[in-house]
Number of protein chains: 2
Amino acid sequence: MIETGKVLIVNVKGGTIMSESKSCILRLCRYRRTLKDLKELGYVKIFSDNLGEATGVTATQVRKDFSLFGISGNKKGGYLIDNLIEKINYILGKDEIQKVILVGAGNLGSALTRYKGFEKEDINIVAAFDADPAKNVKVNNIQVHPIKDVFDYVRNHKVRVAVLAVPSMVAQEVSEILISAGIRGILNFAPVTLKVPERIIVNNVNLAIELENVIYYVNARERNEKQNKTNPVQS
Amino acid sequence: MIETGKVLIVNVKGGTIMSESKSCILRLCRYRRTLKDLKELGYVKIFSDNLGEATGVTATQVRKDFSLFGISGNKKGGYLIDNLIEKINYILGKDEIQKVILVGAGNLGSALTRYKGFEKEDINIVAAFDADPAKNVKVNNIQVHPIKDVFDYVRNHKVRVAVLAVPSMVAQEVSEILISAGIRGILNFAPVTLKVPERIIVNNVNLAIELENVIYYVNARERNEKQNKTNPVQS
DNA sequence: TAGATTGTTAATCGATTAACAATC
DNA sequence: TAGATTGTTAATCGATTAACAATC
């Protein structure tokens, strides 16, 4: 595997080496989401502009993404939803491991064990871990083990992906234990920049920053409206 | 205000019109996070490369971002942490409204009312709303009101920002009520693409997609390693 | 056929990075 | 001064969009 900054060059379309971006993969996930919903509603075919509108991207972008992964439709006939879902599943590795552990069963962590959105996408949280013995109970049918057992669990069950929802103070330390046990990818909710080896995938979800971002744009627009009122600019 | 696709052109540096990207704003939030931590640890000055390393961006990027917003340091002397925090606060509109409501006090929503990360950034969830009467209680000192009261509440308290954690089925409908009442920005946890007027800011957090993303990259790397073992490529 | 849609190439656009002059 | 660091300009890089040929 050749890796450069953000782009991962992987082998997909029958041996051809190609590169895809993180945002492209995110869009594939979104397409699948929408396609599954449409399938449930009884739809069979879809055009690139329908799918684009439903997912908030342009029709060209949709076709470009599909073309990048060798997904083809029928000129004039659009795409078969079943076929799209199948192809995207293959690309995203849906048939392969989906086992995920949760580390940190506090406020946010325990909500994640009950989160319906994971089940809906067939993501299984197989076990949870927490340092607090009071939390070592079953939550939504998932056993919360003592944190000291996490290393052996990851080793023995060959878990590759972890959701990290521990306090910031211990996030780095815990991530190192996880990685040493064999974890390859982390969804990190702690608002810290984890220092990890290059081969490890980290996806950060920082809820405060996401919200601050909304607040910023709302404020920026209001400031601007106020200013335009007193000092209008001619277009 | 001039708006084009993703870029918002706003008036910041003493009347100069300039544009900044969403990712740039996200980085500013991260810088502030880190700077606050460093301040607590007693640091007073910082260089662009320190800050870059702590937040996972290059030193050039840090300086470029600062330059874009008219934040200047001292050649050779780096930046004063207090000054940076103050300037970033001003840019991100920290002194202005921070009032946020939460709509949907289910599994994820009620976890968000207790989320320490918001408090730490001085974000106040002032009220919550839920359709289920059983949930109309106080959670972490925040009253959960009946959903039917949300319109009047937003109107009367001039709330501008909402966190939306309702089931996907009703997300669009609820967002329309919020917008009609005066909400300008939404942090949306429902895995649907909200259709909103252009003047409304929506930030989507889709936890399943974030996790699927990690799973994809882990799988892609493992597939690749396997292949390289049987069919090594010369560099 | 005419019209509509895919698939791809080329153009554009924006964000990041490299290079380096300024200067403390 | 010499060395280090900022601030900015130019170059690069990648992602998105526009244009359009292919074709059903």
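Could you tell me whether A:Ile71 is open to solvent by less than 40 Å² (accessible area, probe 1.4 Å), more than 10 Å from DNA strand D (Cβ to nearest atom) and either within 20 Å of B:Tyr217 (Cα to Cα) or within 14 Å of chain B (Cβ to nearest Cβ) (or both)? Write out each step before concluding.
Values: open to solvent by less than 40 Å² (accessible area, probe 1.4 Å): yes; more than 10 Å from DNA strand D (Cβ to nearest atom): yes; either within 20 Å of B:Tyr217 (Cα to Cα) or within 14 Å of chain B (Cβ to nearest Cβ) (or both): yes.
Against the criterion (open to solvent by less than 40 Å² (accessible area, probe 1.4 Å), more than 10 Å from DNA strand D (Cβ to nearest atom) and either within 20 Å of B:Tyr217 (Cα to Cα) or within 14 Å of chain B (Cβ to nearest Cβ) (or both)), A:Ile71 qualifies.
Among the residues of the stretch B:39-48, write down those that are open to solvent by less than 90 Å² (accessible area, probe 1.4 Å) and either in contact with a Pro (Cβ under 6 Å, 6 or more places away or on another chain) or within 13 Å of DNA strand C (Cβ to nearest atom) (or both). Reasoning before the result, please.
Taking the stretch B:39-48 first, the residues open to solvent by less than 90 Å² (accessible area, probe 1.4 Å) are B:42, B:46, B:48.
Correct list: B:Ser48 only.
What residue, among those in the stretch A:74-92 that are open to solvent by less than 30 Å² (accessible area, probe 1.4 Å) and within 14 Å of chain B (Cβ to nearest Cβ), is farthest from DNA strand C (Cβ to nearest atom)?
Of everything passing the filter in the stretch A:74-92, A:Leu92 is farthest from DNA strand C (Cβ to nearest atom).
Which of the following residues is outside the structural domain of B:Arg32 (by TED's automatic domain parsing) and closer than 15 Å to B:Val174 by Cα: B:Ala111, B:Ala128, B:Ala134? Explain how you work it out, then say what you get.
On the way: B:Ala111 fails: closer than 15 Å to B:Val174 by Cα; B:Ala134 fails: closer than 15 Å to B:Val174 by Cα.
So the residue among B:Ala111, B:Ala128, B:Ala134 that is outside the structural domain of B:Arg32 (by TED's automatic domain parsing) and closer than 15 Å to B:Val174 by Cα is B:Ala128.
Could we say that B:Asn204 is surrounded by 15 or more Cβ atoms within 10 Å (Cβ to Cβ) and more than 18 Å from the chain's Cα centre (by Cα) here? Full working, then the answer.
Numbers: surrounded by 15 or more Cβ atoms within 10 Å (Cβ to Cβ): yes; more than 18 Å from the chain's Cα centre (by Cα): no.
No: the conditions fail for B:Asn204.
Return the only residue of A:Ile183, A:Ile177 being crowded, with 20+ Cβ neighbours inside 10 Å and either more than 7 Å from every other protein chain (Cβ to nearest Cβ) or not β-branched (Val, Ile, Thr) (or both).
Details: A:Ile177 fails: crowded, with 20+ Cβ neighbours inside 10 Å.
That would be A:Ile183, the only listed residue that is crowded, with 20+ Cβ neighbours inside 10 Å and either more than 7 Å from every other protein chain (Cβ to nearest Cβ) or not β-branched (Val, Ile, Thr) (or both).
For the stretch B:202-224, which positions are facing another protein chain (nearest Cβ under 7 Å) and farther than 22 Å from A:Tyr31 by Cα? Outline the logic, then answer.
Here is the first cut: in the stretch B:202-224, the ones facing another protein chain (nearest Cβ under 7 Å) are B:203, B:205, B:207-221, B:224.
If the condition is that a residue be facing another protein chain (nearest Cβ under 7 Å) and farther than 22 Å from A:Tyr31 by Cα, then B:Arg221, B:Asn224 are the ones that fit.
Could you check the stretch B:61-98 and list, in sequence order, the residues that are within 30 Å of B:His157 (Cβ to Cβ) and not in a loop (DSSP other than H, G, I, E, B)?
B:Ile85, B:Glu86, B:Lys87, B:Ile88, B:Asn89, B:Tyr90, B:Ile91, B:Leu92
The values are calculated or read from the model by the stated rules, or taken from the named source; none is laboratory data. What you see is a predicted model, and the numbers here were worked out from it, not measured in a lab. All Cβ positions, even for glycine, are placed from backbone atoms using ideal geometry, and neighbour counts span all protein chains on display. Heavy atoms of the whole protein, side chains included, go into the accessibility calculation; ligands, DNA and RNA do not. Shrake-Rupley method; radii C 1.70, N 1.55, O 1.52, S 1.80 Å.
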